[in-house]
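Just below is one structure, and these are the notes that go with it.
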Amino acid sequence: MSDDEFYRIRRLPPYVIAEVNAMRAAARSGGEDIIDLGMGNPDLPPPPHVIKKLVEVARKPDAHGYSQSKGIPGLRRAQANYYARRFGVDLDPEREVVVTMGSKEGLASLATAITAPGDVVLAPNPSYPIHTFGFIIAGATIRAVPTTPDERYWESLDRAMAFTVPRPSVLVVNYPSNPTAETVDLAFYERLVDWARANQVWIVSDLAYSELYFDGRPTVSVLQVKGAKDVAVEFTSLSKTFSMAGWRIGFAVGNAKLIAAMTRVKSYLDYGAFTPIQAAACAALNGPQEIVEQNRQLYHKRRDVLVESFARAGWDIPAPPASMFAWAPLPPSLRHLGSLEFSKQLLTHAQVAVAPGVGYGELGEGFVRIAMVENEQRLRQAARNVRRYLASMGVNTPAQRTG
């Protein structure tokens, strides 16, 4: 009996990014020094006071039993307080906040809770895989909408409602976007909430990169819009904000009906994160916040180093306004390779790992995602390696073009 006989497995395509990951692992096992800009895995440690709290609580004899699936009360209050001070949004910790094991688990649990086989979900393309496959696993059909928040976006939403049967019931939004790093303003969300009300569509917002914004332009939350809680739920995470990716702590907040449905499903699936981790997450949200600004400045500097050094290497990359990623168009003369083959060649010939854009949907073709998860020295080394590879492929550097 083969796994392709299973209904949900048949609905999952091969994970394109895994192909590059396997090549990277093989190269490293062979002793190669690979500069890994592929996975969005923070290279920084959490704040010391967070680790101290984890150790302190883990030493308590009564801290090792089952925890609470919806999250301990103190952590739900801490998240409500974060929304109040950061976005001016009031949340009821009991009815409008649930703790998740990272955003991925939360999005999958919500999809399981609210999706019936055959439902149509509107999701961005390109997008982070869980935004589509969480719902696909739950039995939904995906209709793609663009990521770029221009007039074509609104036209695509209206077309989807007019010509899709059954009518879409959920819209996924993700700004700052993973992988494209695009952002939106409050006016966009105001229009979106009006649209969702008029069309009776739930909004599922992923705000995982809420604190990684640059150039003095803070991100906004859909819940800042008056009445948004009637139609929207939003996910955030401590993974990037506090460099706690492996701790698997995130949140869903907003519409009480959606939170209740998701909480009920989670109660059957898990007992929540390890209590000392939840206590440490409280320390992160309630304690000193200097680390948030420090991380923001560090990623901002890395962004500038990446854009400047890669441009000198002959590869022009737009500066992302937020997130920890750059969405890089393939050098024009190498577009014919496609993003997967280009990523493989970059790994083989430049010892630099990036994520092929096609792994985020067919509209990601022609791009690669570059994660700013190495220090500035390593980013400059990556640029030097890339420069040699591009030269070997006949791509002129700026100096050669002007010389």
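Tabulated values for the structure
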read-out: Checking Ser323 against (1) buried (at least 22 other Cβ atoms within 10 Å of the Cβ); (2) in contact with a strand residue (DSSP E or B) (Cβ under 8 Å, 6 or more places away or on another chain), the condition it does not meet; value: (2)
read-out: Counted residues, the range 228-247 - those being free of Cβ contacts under 8 Å to residues at least 60 places away in the same chain and open to solvent by less than 20 Å² (accessible area, probe 1.4 Å); value: 6
read-out: Test for Ala280: is it in contact with a helix residue (DSSP H, G or I) (Cβ under 6 Å, 6 or more places away or on another chain) and of a type outside the set (D, E, K, R); value: yes
read-out: Tabulated pairs, the range 38-59, first in contact (Cβ under 8 Å) with a residue 12 or more places away in the chain, second aromatic (Phe, Trp, Tyr), C-beta under 8 angstrom, 6+ apart or interchain; value: Gly40/Phe325; Pro46/Phe242; Pro46/Trp247; Pro47/Phe242; Val50/Phe242
read-out: Residue selected from the range 13-23 under the condition touching a helix residue (DSSP H, G or I) at 6+ places or on another chain (Cβ under 9 Å) and outside any loop (DSSP other than H, G, I, E, B), by the criterion farthest from Thr132 (Cα to Cα); value: Met23
read-out: Check on Arg335, open to solvent by 50 Å² or more (accessible area, probe 1.4 Å), within 19 Å of Ala313 (Cα to Cα) and of a type in the set (Lys, Arg); value: yes
read-out: Selected residue (only one of Val165, Val220 is open to solvent by 10 Å² or more (accessible area, probe 1.4 Å) and farther than 22 Å from Leu91 by Cα); value: Val165
read-out: Residue check, Leu330 in contact with a Leu (Cβ under 8 Å, 6 or more places away or on another chain), closer than 30 Å to Ala144 by Cα and either open to solvent by 20 Å² or more (accessible area, probe 1.4 Å) or at pLDDT 95 or above (or both); value: yes
read-out: Residues that are within 20 Å of Asn41 (Cα to Cα) and either without any contact (Cβ under 8 Å) to a residue 40 or more places away in the chain or open to solvent by 60 Å² or more (accessible area, probe 1.4 Å) (or both), drawn from the range 250-304; value: Glu293, Gln294, Gln297, Lys301, Asp304
read-out: Looking only at the range 351-387, and only at residues there that are surrounded by fewer than 23 Cβ atoms within 10 Å (Cβ to Cβ) and free of Cβ contacts under 8 Å to residues at least 60 places away in the same chain, the one that is nearest to Arg28 (Cα to Cα); value: Gln377
read-out: Which numbered condition Asp316 misses (of (1) of a type in the set (D, E, K, R); (2) over 21 Å from the mean Cα position of the chain (by Cα); (3) open to solvent by less than 60 Å² (accessible area, probe 1.4 Å)); value: (3)
read-out: Test for Val225: is it over 16 Å from the mean Cα position of the chain (by Cα), open to solvent by 10 Å² or more (accessible area, probe 1.4 Å) and modelled with pLDDT of 95 or more; value: yes
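The values are calculated or read from the model by the stated rules, or taken from the named source; none is laboratory data. On a predicted model such as this, the values are computed, not experimentally measured, just so you know. As a convention, Cβ positions derive from the backbone with ideal geometry for all residues, glycine included, and neighbour counts pool all protein chains shown. Protein only, heavy atoms only, side chains kept; ligands, DNA and RNA dropped before computing areas. Shrake-Rupley method; radii C 1.70, N 1.55, O 1.52, S 1.80 Å.
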